Amino acid sequence: MTASQIQAPINVPTGPAGRAMAEPMSAEMLDLMEAHLNLERQSAADYLAAAIWFAERELTGFAEHLRDEAKQEEQHAAKFADYLISRGQRPVLDTIEPPRQQWTGVEQVIANVFRMESDVTASVLQLYGTAEKDIDRRSPAKCGAFYCTGVMASPDPERAKPSQELCSEPFTRCSPEPIGVCTRAV
Ligand SMILES: [Fe+2]
């Protein structure tokens, strides 16, 4: 090895936060990740609103279940933020819209939850597809770790318990160790 080679500086690419990046992230992927992070935060607010609706009617089982769902969505958002930070990015939080709080009945509240979870799942699938298109080998694995999701957590504790077995394709093959909760549709 020559003297010039020994003295040559080693440059490590850094992201917007100044943190070292092992692999760059495309602008599209970053936008989708941030949008998803904010969708999780919005879901948390929507779940809390639904929990309050049930608590006001003394339907405490529903209220407790939906309150737990709200906490899980907050955790999902935090994990996406942590992941973006680990990729050298600087997560940007968006405005959370006031959640709907007036409903004509239980079925409508649950229908809204179903629709909300369907949207979140679609967003995850979009992340997965974009990561594959970008040949971003890190993101699909992380998405799989965060998300083994169906459209709604099962009220049956046996079916709702965290389990890689319950995960839906394609996420089961992404990561051997689930980080987040794993739920599926009833
Ligand atoms: Fe979530």
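The values are calculated or read from the model by the stated rules, or taken from the named source; none is laboratory data. The shown structure was predicted, so the numbers you read here are calculated from the model rather than taken from an experiment. Virtual Cβ from ideal backbone geometry, glycine too; neighbours counted across all protein chains shown.
Does any residue in the stretch 95-111 that is over 26 Å from Glu34 (Cα atoms) come within less than 9 Å, Cβ to Cβ, of a residue that is basic (Lys, Arg) and assigned to a loop (DSSP other than H, G, I, E, B) six or more places away or on a different chain, and which pairs are these?
Qualifying pairs under 9 Å: Val106/Arg57.
Name the residue, out of Ala111, Ala122, that is closer than 28 Å to Ala55 by Cα, assigned to a helix (DSSP H, G or I), away from the ligand (no atom under 12 Å from the Cβ) and at pLDDT 90 or above.
Working: Ala122 fails: closer than 28 Å to Ala55 by Cα.
Matching residue, one of Ala111, Ala122: Ala111.
Right, His65: part of a helix (DSSP H, G or I), surrounded by 13 or more Cβ atoms within 10 Å (Cβ to Cβ), within 16 Å of the ligand (Cβ to nearest atom) and over 13 Å from the mean Cα position of the chain (by Cα) or not?
Details: part of a helix (DSSP H, G or I): yes; surrounded by 13 or more Cβ atoms within 10 Å (Cβ to Cβ): yes; within 16 Å of the ligand (Cβ to nearest atom): yes; over 13 Å from the mean Cα position of the chain (by Cα): yes.
It is true that His65 is part of a helix (DSSP H, G or I), surrounded by 13 or more Cβ atoms within 10 Å (Cβ to Cβ), within 16 Å of the ligand (Cβ to nearest atom) and over 13 Å from the mean Cα position of the chain (by Cα).
Working only within the stretch 72-99, note down all residues that are within 16 Å of the ligand (Cβ to nearest atom) and over 30 Å from Ser26 (Cα atoms).
Listed by number, the list holds a single entry, Pro99.
Of the numbered conditions (1) of a type in the set (A, V, I, L, M); (2) surrounded by fewer than 16 Cβ atoms within 10 Å (Cβ to Cβ); (3) modelled with pLDDT of 95 or more, Ala27 satisfies every one except a single condition; which is it?
So Ala27 meets the others, but not (3).
For the stretch 68-94, which residues satisfy the criterion of being of a type in the set (Lys, Arg) and surrounded by fewer than 17 Cβ atoms within 10 Å (Cβ to Cβ)? Please lay out each step first, then the result.
Of the stretch 68-94, the ones of a type in the set (Lys, Arg) are 71, 79, 87, 90.
If the condition is that a residue be of a type in the set (Lys, Arg) and surrounded by fewer than 17 Cβ atoms within 10 Å (Cβ to Cβ), then Lys71, Arg90 are the ones that fit.
Would a scan of the stretch 43-54 turn up a residue that is more than 15 Å from the ligand (Cβ to nearest atom) and surrounded by fewer than 18 Cβ atoms within 10 Å (Cβ to Cβ)?
Yes, the conditions are met somewhere in the stretch 43-54.
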